Amino acid sequence: DGAAREALARYRDRLARALTVVANLIDPEVIVLGGGMSNVDALYEGLAQAIAARSFSGAWAGRVAKARWGDSSGVRGAALLWSREDVLAVS
C-alpha cells in the first residue's frame, strides 16, 4: 500500500534524524534498536546510510542492529538486574 510505504519512509527519516544526534554525540560503533518497531525489518533498509549522511562529518561508519531478542530485550535485561536473593526477598 502506497500510504503505508510513505508513512514508513517518513518514520525512517525521523528516526535517522534522531539517531544522528546520538551518532554525533558519542560516535557509537553500533546502535541497537529494541521495542516493537525493531521487529519491522524494512525499517533498517538504508537507516545507517541516512544517519551517516546527516552526521557532522558525513562519514559515520557505525551500523544499526536489531536487538537479539527483539521487543523482549528490555524485559530480559531488567530481569537480569535482580539477584536470586532479591527474588526470594520479594516472594
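Some points to look at:
- Subset of region 37-55 (residues that are assigned to a helix (DSSP H, G or I) and closer than 18 Å to ARG5 by Cα): MET37, SER38, ASN39, ASP41, ALA42, LEU43, TYR44, LEU47, ALA50
- Residue among ARG12, ARG84, ARG5, ARG68 that is at pLDDT 95 or above and either of a type in the set (D, E, K, R) or touching a Phe, Trp or Tyr at 6+ places or on another chain (Cβ under 7 Å) (or both): ARG12
- Tallying residues that are open to solvent by 50 Å² or more (accessible area, probe 1.4 Å) and under 24 Å from ALA59 (Cα atoms) within region 27-40 yields 4.
- Of residues in region 46-79 being closer than 21 Å to TYR11 by Cα and basic (Lys, Arg), the one surrounded by the fewest Cβ atoms within 10 Å (Cβ to Cβ): ARG63
- Tally of residues being closer than 24 Å to GLY74 by Cβ and either touching a strand residue (DSSP E or B) at 6+ places or on another chain (Cβ under 7 Å) or surrounded by 13 or more Cβ atoms within 10 Å (Cβ to Cβ) (or both) across region 8-26: 9
The values are calculated or read from the model by the stated rules, or taken from the named source; none is laboratory data. This is a predicted model, so every value here is computed, not measured. Neighbour counts run over all protein chains shown; Cβ positions are idealised from the backbone, glycine included. Quick note on the areas: whole protein, heavy atoms, side chains included, nothing else; ligands and nucleic acids left out. Shrake-Rupley method; radii C 1.70, N 1.55, O 1.52, S 1.80 Å.
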